[in-house]
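Read-outs throughout are calculated quantities, based only on the coordinates presented, and are distinct from any laboratory measurement. Quick caveat: nothing in here was measured; it's all calculated off a predicted structure. Using ideal geometry, Cβ is built from the backbone for each residue, glycine included, and neighbour counts are taken over all protein chains shown.
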Amino acid sequence: MAKVGAERLAEIENLELATQRTRELYKLKGYPDDWIEKRMRSIAIREELTDEWENRGVKEKIEYAILTAEISKATFGLTPKEYKEVKGLKSQNLRDYMTDLELIFSMLGEASTK
């Protein structure tokens, strides 16, 4: 536990370590390198969008959920909850189960919203 704690503290100090760990975890799960690159870029775009929302006064978790659902409906015609149902997901992260094109469309929707 102490080792994991030290690793996470190091990641807080150097975010590139966290990014590298995330890439390694996706690789271990069998994702191809090109998908991992898209997923990592989608994470960055999402962070840029949520930073913008925060700068504009969005604070509550429910507000982020509402805004995210609106982007998803405009992009895919489904809310994230509905999309997870279509894919048969429960608590998993929807984006981890998206195809290359789905990730690209998600990035486009969020980047254009920003």
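Sequence-ordered 3J(HN,Hα) estimates for the range 53-60 from the Karplus curve with 6.51, -1.76 and 1.60 and θ = phi - 60° stand at 4, 4, 4, 9, x, 6, 10, 7 Hz, glycine and proline given as x.
Rounded to the nearest 500 deg cm²/dmol, what is the calculated helix-only ellipticity per residue at 222 nm for the chain, with -39500 (n - 2.57) per DSSP H run of length n ≥ 4?
Working: 6 runs with 87 residues, N = 114.
Only helices count here, giving -25000 deg cm²/dmol.
Extension gain, Ala74 to Thr50, is 6.9 nm, computed as 0.36 nm per intervening residue step minus the present C-alpha separation.
Each residue of the range 105-114 was assigned a 3J(HN,Hα) from its phi angle through the Karplus curve 6.51 cos²θ - 1.76 cosθ + 1.60 (θ = phi - 60°); the sequence is 5, 4, 4, 4, x, 6, 5, 6, 5, 4 Hz, with glycine and proline shown as x.
Please give the charge dipole size of the chain, origin at the Cα centre, charges +1 on K and R Cβ atoms and -1 on D and E Cβ atoms. Round to the nearest 20 debye. Display every interim value, and only then the final one.
On the way: 20 positive and 22 negative charges, 85 e Å.
The calculation lands at about 420 debye.
The Glu24 and Thr99 beta-carbon pair, evaluated with R₀ = 25 Å, returns a calculated FRET efficiency of approximately 0.70.
With a simple spin-label model that places each label point 7 Å from the Cα along the Cα-to-Cβ direction, the separation between Arg41 and Gln92 comes to 2.3 nm.
When the chain is described by a simple charge dipole with +1 on each Lys and Arg Cβ and -1 on each Asp and Glu Cβ, the residue from Pro32, Ser91, Asn55 located farthest towards its positive end is Ser91.
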